[in-house]
Structure formats: structure tokens, C-alpha cells
Amino acid sequence: MAESDKKFFLLLFFVSFAVIVPTLHAHIASFDDYWKQRAEEAQKAAQEAYNPNPEEITNDLNSHVNKALMGTNSTRRNLRKHNGPCTATNPIDRCWRCKPNWAKNRKKLADCVLGFGHKTVGGKNGPFYVVTDSSDNDLANPKPGTLRHAVVQNGPLWIIFARSMVIRLSEELIITSHKTIDARGANVRIAHGAGLTLQFVKNVIIHNLHIHDIVAGNGGLIIDSANHIGFRTRSDGDGISIFGSSNIWIDHVSMSNCGDGLVDAIMGSTAITISNCHFTHHNEVMLFGASDSYAGDAIMQITVAFNHFGRGLVQRMPRCRWGFIHVVNNDYTHWLMYAIGGSSHPTIISQGNRFIAPPDQFAKEVTKRDYAPEDVWRAWTWRSEGDLMMNGAFFVQSGSRLTRNPFSRAQMIKSRPGTFVKRLTRFSGTLSCRPGRPC
């Protein structure tokens, strides 16, 4: 991208931010000096995280996938439960999963992220915090040892869990910058209460959580940092809400049945990777960009990689506005309406995914474009490269190829990329990890 184009996008972001400021108060009843400063810092961080040449990131990810598959000649789908030795099948997992000392070197995980969120290190540079208490009774002065107490502490923290637990959040969990929530070694469920909120923050890793049966919160006085308590309005019921935030990595999370979306990324959020997750039993799965009128989402860059979109899903895997979305090597085994959709001319690059269409003859199309006639959307860049279409699935392409096509045949695995998807996503969702053994 030319320097003039970069300046244009940044100008567009700032103008949109200024125009839309009154609506940036989502769920913040009192947008006081603390939240104004947090919004300004988040805006600056998003600007710094934005990559004016997103093709460099997609190229890097494809190169890692190719290296992970080199030497692999078995493409037969294995339907049996895996009980053998550790088999990490994609480049993110190969970075850490088969090492038996993972529990003694937990922070190695922060070196493994790829895609647009590749600079995310979470709480790597901070101490460990052990969650010992599953309660969430005091929203303004949370008890030490609880997850709510952990996520609002100042500075980087690597948060782990003393044991398996179910955490029912009384209201949305407002997470501050430079945090890792690492549930490896325990079965940790965020369930039957409110969800996770990443608002005006940067540098957060969420790993190996079950998040399900999330409901909208009523709001109220909620701690949002170690030094501030704010009044919140009603939350939406998202599993994970990313709002005006950057450098976010969501990995090996299992999600289902939330009151609104499973994962929403809106209001200028960017530099995000969503990988190795398992999504089931939900209607509107992922929303990237909440408004056709908010041009600030032009800086949005998100990688969706190695995930399994499974049973009981309807639509939005994802639904995109503006931005640049790289959807690579995911397994789409179920949908009822469509898989990938959008409006407001997002760039969507779909590579090496497997799409298995539903029996419904009227739901075979992978793609869905909203609020634009064909003579408008045919200029949008939606490209399918090396995808495997099954059971009548079809992807309606539009726009031209990227002007600088960075994808070689080796990087794209153009021969039979779809046949590798089951291997790449075989261990999606939460992992059963035991100290002293590979995950």
C-alpha cells in the first residue's frame, strides 16, 4: 500500500473517531476523564497496530502453514478419538503443544501467535496470578483470588487457575491491558452469567476457556481498573466483546449459546487473531464491525485460522464490515443460512477452508452480501483461493485479486488444500492439558 493510501486510511480513522465519539460510550454510563484517557490511548494503540500492508501478514501465515504440513502425505480423515502421542497439526500448536514441560514454561505460548495478532504477548512480561476462588460477588471490590480481581490489576499479568471451576459472572468482566487468561491444566468455564469485555485495551490473550450460556447483564457499579470504578449500562450478552481494542489473541476457546454474539470486534478494533477455537450451537457467531456508517473500522485487520465451525450454527462466521479479514484453513461443517457475509466493502480473503453445505438447497452459498446491489458489491474484494467446496457449497467471488499477490503455490498449498483442513483443525477448542505431559 502506498504511503498516500496509508495516510488516507489513518485520516479516515481519525475523522470517523471524532464523528462517532458520542456513541463510543457503549455500556459506559459515565464517560469520565478515566474513560476518555483510556479511549485516547486505545485509539493511538490501534493506529500503531494497523499494518498498511496486510498481505505481508497473510503471506507469513501461509508460509507457516506450508512448513507445518511439509513431510505429511496422509490426508485420510481420521474419525476416531485421538489417544496416541501428541500430534500438533498446525504451526501455532507446533510451537508449544507437544512440549511436556509446557506448565513450567507457560509463557512460551506468547511466542506462538500468528496472523494479524502476531505481536500480542499478553501478560508475558508480568508475574503469575493464580485464581483460587470462582465467586463473583462483589463487583466494585472483588475478592483477591477471583478472576475479576485478577483482570483489573495494573500492569502485565499471566493469570492461571488453581483447579477446575465454573465462574458465573454477575456482570460483564472488564479486562485491562497486558493480560493473559491461561486455563491450561484446568477445566474452566465462564457460564450462565455475563461475558468478557475488552474495551479500549491492548495486548490480551484468552486461552483454553469454555465460554457458554452467556446472558446480558443489568449493569451497575463495576470495577474497570485497579484505581477506578464506573457505572455500566446493560451489556449485550456477547461471549467476548472486543471494543476499540488492538493486539488480541483468542486461542483454543470453546464457545456456544451466548445471548448475542460469540465474538464481536467493533469500533476500530484491529490486530486480532482468532485461532484453534470450536464454535457450536449459536445463531450470530462473529461480528466484525457493527455499523455500515463507521468508517473507523477501515483499519480493522483480523485473522480467523484453524477453527472448527460446528453443530448448531446459523450465520456470521464471520459477518464483516470494512477492514481486511483473512479466513484461512477453517473447517465449516455446519451452517443453516450462510457462512461468511458482510457489507460496507470489507476485503475478505478465504484460503484453504473446507465448506460443507447444509442439505437445504437454498443455503448452499457460502457468502452473503447485505445492503448493496450487485453492481456495487461486485467491486468488493472477496476471494476464494484453494477452498474445498462439498455438498454443493459455492463461494461467490467479487472484485479483483490483490494487486500484489503474495501467495505462491507452495504457500497456498494449491494442490489439495481442503484435504488438510481436518488435520489442521483436529484439536480445535479447549485442550485437556496435564502438567508433565504434552497437551
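We did not get these values from a lab; they are worked out from the coordinates using the rules stated. Note that this is a predicted model, so its numbers are computed, not measured. In this analysis, Cβ positions are derived from the backbone assuming ideal geometry, glycine residues included, and neighbour counts consider all displayed protein chains.
Assorted remarks:
- Using θ = phi - 60° and Karplus 6.51 cos²θ - 1.76 cosθ + 1.60, couplings along the range 334-345 (whole Hz; Gly, Pro as x): 8, 7, 9, 10, 7, 9, 10, x, x, 8, 6, 6
- Per-residue Cβ neighbour rank within 10 angstrom, fewest leading, 394, 309: 394, 309
- In percent, rounded to a whole number, the relative contact order of the range 175-329 is 18, using alpha-carbon pairs under 8 Å and six or more apart.
- Cα centroid separation, the range 140-217 to the range 254-320: 19 Å.
- Residue separation of residue 229 and residue 283 scaled by 0.36 nm, minus their Cα-Cα distance, works out to 16.1 nm of gained length.
- Each peptide in 373-380, 244-251 gets a packing score, the mean of other Cβ atoms within 10 Å over its residues, and the list from highest to lowest is 244-251, 373-380.
- Estimated distance in nm for a label pair at residue 292 and residue 371, the labels positioned 7 Å out from Cα along Cα-to-Cβ: 0.4
- When the pairs 108/179; 99/202; 124/202; 368/422; 36/202; 108/422 are compared against a 18 Å limit on Cα-Cα distance, 99/202; 368/422; 108/422 fall above it.
- Likely footprinting exposure, 314, 253, fewest C-beta neighbours within 10 Å first: 314, 253
- Label-to-label distance, residue 164 versus residue 192, with points set 7 angstrom from Cα along the beta-carbon direction: 1.6 nm.
- Cα shape, the range 182-274, gyration tensor, a/c 1.5 rule: rounded
- Neighbour-count ranking [beta-carbon atoms within 10 angstrom, fewest first] of 277, 95: 95, 277
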